[in-house]
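Below you'll find the structure, written out as structure tokens, and then a few comments.
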Amino acid sequence: MAEGGHYDIVILGGGSGGYACALRAAEFGKRVALIEKDKVGGTCLHRGCIPTKALLHAAEVADSSRESEKFGIKTAFEGIEMPAVLSYQQGVVERLWKGLQSTIAGRKIDTIYGDGRLTSPTSVTVNGAVYTGDHVVLATGSVPRSLPGLTLDGVRVITSDDALKFDRVPSSVVILGGGVIGVEFASVWRSFGADVTIVEMAPQLLPLEDEGSAKVLQRVFRRRGIKFELDTPFQSVSYTDSGVRVVLGGGKELDAELLLVAVGRGPVSADLGYEENGVAITRGFVDVDPLCRTSVPTISAVGDLINTPQLAHVGFGEGILVAERLGGLDVKPIDYDGVPRITYSDPEVASVGITSAQAAARGINVVEVNYPLGGNGKSVILQTQGQAKVIAEAPSTPGGQPGRVLGVHLVGSRVGELIAEAQLIFNWDAEPDDVAALIHPHPTQSEIIGEAHLALAGKPLHFHA
Ligand SMILES: Cc1cc2nc3c(=O)[nH]c(=O)nc-3n(C[C@H](O)[C@H](O)[C@H](O)COP(=O)(O)OP(=O)(O)OC[C@H]3O[C@@H](n4cnc5c(N)ncnc54)[C@H](O)[C@@H]3O)c2cc1C
């Protein structure tokens, strides 16, 4: 292990943002120090994307086994053995973690393990050793947030970090927060047999998604027996003999074994020397310009630490952008509307571009189409329900073709895998007529993208409005 020294780039935090920056910078021949206090891979690999998706896959297997008779297959569902589920989940994480460590080592990046602190605009100190760099990249990520007066005990009032280690299926759970993390855990626990209620302040689940997608998700969740209280603030929680009692605004009480607090994640920026060294911060987030430059010329920041969508692939993109900028390339700002978003619940919700509400708020005239999955052969085979909604600029002349596609919003099993095509459509400024000309393979769910664009271009195939 290196003991202090000078590098081209010193990166503080080895999560998605930090390690992506390190890997790309190394491709430019930069000498890179990657400082990490825990494990490279950060939240996404160890406490986020990967372990939750492993749980969601196990949940899908449980549902398939329960519902197999629907397909004429006889199985006996005998239950969930949580320690075995966790060992599968950990196996996935360990394998990817090993691969990542060897990729980092293979690029000759020095990984330094320990708690780092910014000690000047060009240095980070770890256990007394000083690592100086021509440039420093801050990538210390985020941690679960709570609400004022709500104490997390890790046993009955827990965060997603605790939930991922739970070695039994709770009998009942109240989930505070109907965002991505809350909805994904609701889906897992319901499939595992728990009684689940989500409490959400906003008028819909997944408040950042299109209202139409949320409505479909809510309908399917209701059918699955997942309860939710919308437009409802949390008031208090107290302990009972068997768990917790959650009191909601309006006085309603919910008893459950657990309260999962999933009200968002806050940036890790306190007491790390950032402000002392001139790095401007707003509400904990490091301020950056569109090229991830902070208020200090020698310091950049990426990932959950800055106020951009808290997604691993956003961290990758920002890390790469900074590395390429420092490598002398002419980089362009990220268009965050063009970043795909997926909630991996059953059903999945996936989107790119803007929602109908955002189009209205920006004063853009649009045309829209909702293509139901019931008209798609593969979706009927899978027995999934949902829809593909596509939003495009309204035609500029009466009877003309719609303009650019502005948003694609999908709901249904496996639709997350379809959003990559929608991402190309949005980011390459395609118009419905361009996409309508592309022949999609039959029978696949990708046809819902083709069909929705055919309909918008005025030539619907398997669609009746
Ligand atoms: C339950 C859950 C599910 C998620 N699912 C998805 C998903 O499906 N898809 C998706 O795109 N995103 C998902 N996310 C979000 C994703 O995990 C984050 O957006 C991503 O990890 C952010 O990367 P980052 O590098 O900014 O921060 P992090 O991954 O948090 O990494 C920061 C790193 O910095 C280290 N660090 C912090 N302080 C110091 C210090 N002082 N010294 C040294 N090291 C330090 C930390 O140990 C950590 O490893 C999920 C998150 C959660 C919690």
Open item on the list: For q values of 0.27, 0.28 Å⁻¹, compute log₁₀ I(q)/I(0) with the Debye formula on a Cα-only model of segment 117-166, without solvent.
Closed with: -0.99, -1.05
Task: Solitary cysteines of the chain, where the nearest other Cys Cβ is not under 4.7 Å - done: Cys21, Cys292
Open item on the list: Less than 12 Å Cβ to Cβ from Leu12, Lys/Arg counted +1 and Asp/Glu -1: what total charge do the surrounding residues give?
Closed with: 0
Task: Accessible area expressed per residue, segment 391-465, with surrounding protein chains retained (probe 1.4 Å, Å²) - done: 49
TODO: Starting from the eigenvalues of the Cα gyration tensor, five times each then square-rooted, give me the equivalent ellipsoid semi-axes of segment 278-431, largest first, whole Å.
DONE: 34, 20, 14
Task: Principal axis dimensions, largest first and in whole angstrom, of segment 248-292 by Cα - done: 47, 23, 17
Open item on the list: Please report the antiparallel percentage of DSSP beta bridges with both residues in segment 1-143, rounded to the nearest 5.
Closed with: 35
Task: Whole-percent carbon and sulfur share, accessible surface of the chain, 1.4 Å - done: 53
- [ ] Could you grab the relative contact order for the chain? Cα pairs under 8 Å, six or more apart, rounded to a whole percent.
- [x] 15
Task: For segment 1-116, diffusion coefficient by Stokes-Einstein and Kirkwood Rh (Cα), 4 °C, 1.567 mPa s, µm²/s - done: 79
TODO: Ratio to report: Rg/Rh of segment 155-284, with Cα atoms as the point set and Rh obtained by the Kirkwood method; give two decimals.
DONE: 1.05
Task: Ordering of 175-181, 352-358, 79-85 by burial proxy (mean other Cβ atoms within 10 Å per residue, highest first) - done: 175-181, 352-358, 79-85
- [ ] Give the accessible area for Tyr344 in Å² (nearest 10); use a 1.4 Å probe, count only protein heavy atoms, and leave out ligands, DNA and RNA.
- [x] 80
Open item on the list: Students often forget the sequence filter, so: which lysines lie under 27 Å Cα-Cα from Lys165 once same-chain residues fewer than 8 apart are removed?
Closed with: Lys37, Lys39, Lys53, Lys98, Lys227
Task: Two-site FRET efficiency, Glu78 against Gln383, from Cβ-Cβ distance with R₀ of 25 Å, rounded to 0.05 - done: 0.65
- [ ] List the lysines whose Cα lies under 19 Å from the Cα of Lys378, skipping any in the same chain that are fewer than 8 positions away.
- [x] Lys70, Lys389
- [ ] State the dimensionless ratio Rg/Rh of the chain (Rg: radius of gyration of Cα atoms; Rh: Kirkwood radius).
- [x] 0.99
Open item on the list: Roughly how far apart, in whole Å, are the Cα centres of segment 135-170 and segment 77-104?
Closed with: 20
TODO: Once you have a ≥ b ≥ c as the square roots of the Cα gyration tensor eigenvalues for segment 274-350, tell me rounded if a/c is under 1.5, and otherwise prolate or oblate according to whether a/b is larger than b/c.
DONE: oblate
Task: Environment charge of Leu259, counting only residues whose C-beta is closer than 15 Å and scoring Lys/Arg +1, Asp/Glu -1 - done: -4
- [ ] Report, in whole Å, the centroid distance computed from the Cα atoms of segment 3-57 and segment 367-401.
- [x] 39
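Where both partners of a DSSP beta bridge lie in segment 143-251, what percent of those bridges are antiparallel, to the nearest 5?
40
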Task: segment 34-168, accessible area per residue, ligands and nucleic acids excluded (1.4 Å, Å²) - done: 51
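Using Cα pairs closer than 8 Å and at least 6 residues apart in sequence, work out the relative contact order for segment 232-303, in percent.
That works out to 16 percent.
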TODO: Jot down the per residue volume, in cubic angstrom and as a whole number, of the convex hull over the alpha-carbon atoms of segment 223-268.
DONE: 132
Open item on the list: Tell me whether segment 336-407 comes out rounded, prolate or oblate; compute the Cα gyration tensor, take square roots of the eigenvalues as a ≥ b ≥ c, and use a/c under 1.5 as the rounded threshold.
Closed with: oblate
Task: Within the chain, percent of DSSP bridges classed antiparallel, to nearest 5 - done: 60
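The values are calculated or read from the model by the stated rules, or taken from the named source; none is laboratory data. Everything numeric here is computed off the predicted structure, so don't read it as measured data. FYI the Cβ positions are ideal-geometry reconstructions off the backbone, even for glycines, and counts take in every protein chain you see. The area values use the complete protein model at the heavy-atom level, side chains included, leaving out ligands, DNA and RNA. Shrake-Rupley method; radii C 1.70, N 1.55, O 1.52, S 1.80 Å.
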